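The values are calculated or read from the model by the stated rules, or taken from the named source; none is laboratory data. Only a predicted model underlies this, so the values are computations on that prediction, with no experimental measurement involved. Note that we place each Cβ from the backbone using ideal geometry, even for glycine, and neighbour counts take in every protein chain shown.
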Amino acid sequence: MNVLAHALIAQQAGCSLVGNLLGDFVRGAPPPHYPPAWQDGIRLHRRIDGFVDRHAASARSVARLPAEQRRWARVALDVYYDHLLACDWARYSSVPLARFAAGVYATLDEHHPALPPNLVRFAGFMASRDLLAGYREPAVIAEVLARMAGRVRRPNTLANVFPDLAAARDGIAQDFSQLFPATLAFARSEVVARCVQPAA
């Protein structure tokens, strides 16, 4: 799952939005100076990623891509799942995507003094491009994957994976329709079991 999916899961599971989005921008243990809700959100983000990686629907999505793309398939699929979520947004949320996205940008902006610089930069880029709503557009997904390819120091296939994702769209969408509800149910159970604290 990528930014949009993590944000929606955080909202619907009753966990910290900021904490969940910090999960991709903090290495190691959650910083002790962060609010407990943010620390819980970071941990939940990582458990969600582990759940998705182990889920059979995720494995099926990987298998739908050509063999030469599979090494980087899970990274690419995280982004593509956000595309599918944005395209079928009304199925998963009663809040319009544009309003939800604006709320995410506003929350990150409100807390930006306490956020790490890499998340502050990314949040500013997201807001300036309205990236979360833009995930509906195939060209935006292709651009995001190309940008990711440039940031990865190792040789990778992310810049040219989009045509293969698009060719397998129907099957991957079927996988996602099973994966997202299962992931949301998992996140909700984790919040209840671990008494994760709600917050911004």
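Descriptive notes on the structure:
- Condition check for residue 189: hydroxyl-bearing (Ser, Thr, Tyr), surrounded by fewer than 16 Cβ atoms within 10 Å (Cβ to Cβ) and at pLDDT below 95: yes
- Residue in the stretch 68-81 that is of a type in the set (Asp, Glu) and either under 23 Å from residue 131 (Cβ atoms) or surrounded by 17 or more Cβ atoms within 10 Å (Cβ to Cβ) (or both) present: yes
- Any pair with Cβ under 9 angstrom, 6 or more apart, that starts in the stretch 1-29 at a residue that is in contact (Cβ under 8 Å) with a residue 60 or more places away in the chain and ends at one that is of a type in the set (D, E, K, R) and assigned to a loop (DSSP other than H, G, I, E, B): 2/24; 3/24
- Residue 86 out of contact with any Asp or Glu (no Cβ under 7 Å at 6 or more places or on another chain) and assigned to a helix (DSSP H, G or I): yes
- Residue-level analysis places residue 156 among those that are under 22 Å from residue 76 (Cα atoms), over 18 Å from the mean Cα position of the chain (by Cα) and touching a residue at least 60 places away in the same chain (Cβ under 8 Å).
- Hits in the stretch 130-160 (condition: in a helix (DSSP H, G or I), at pLDDT 95 or above and surrounded by fewer than 15 Cβ atoms within 10 Å (Cβ to Cβ)): 139
- Exactly one residue out of 102, 98, 63, 106 is at pLDDT 95 or above, hydrophobic (A, V, I, L, M, F, W, C) and surrounded by 14 or more Cβ atoms within 10 Å (Cβ to Cβ), and it is 102.
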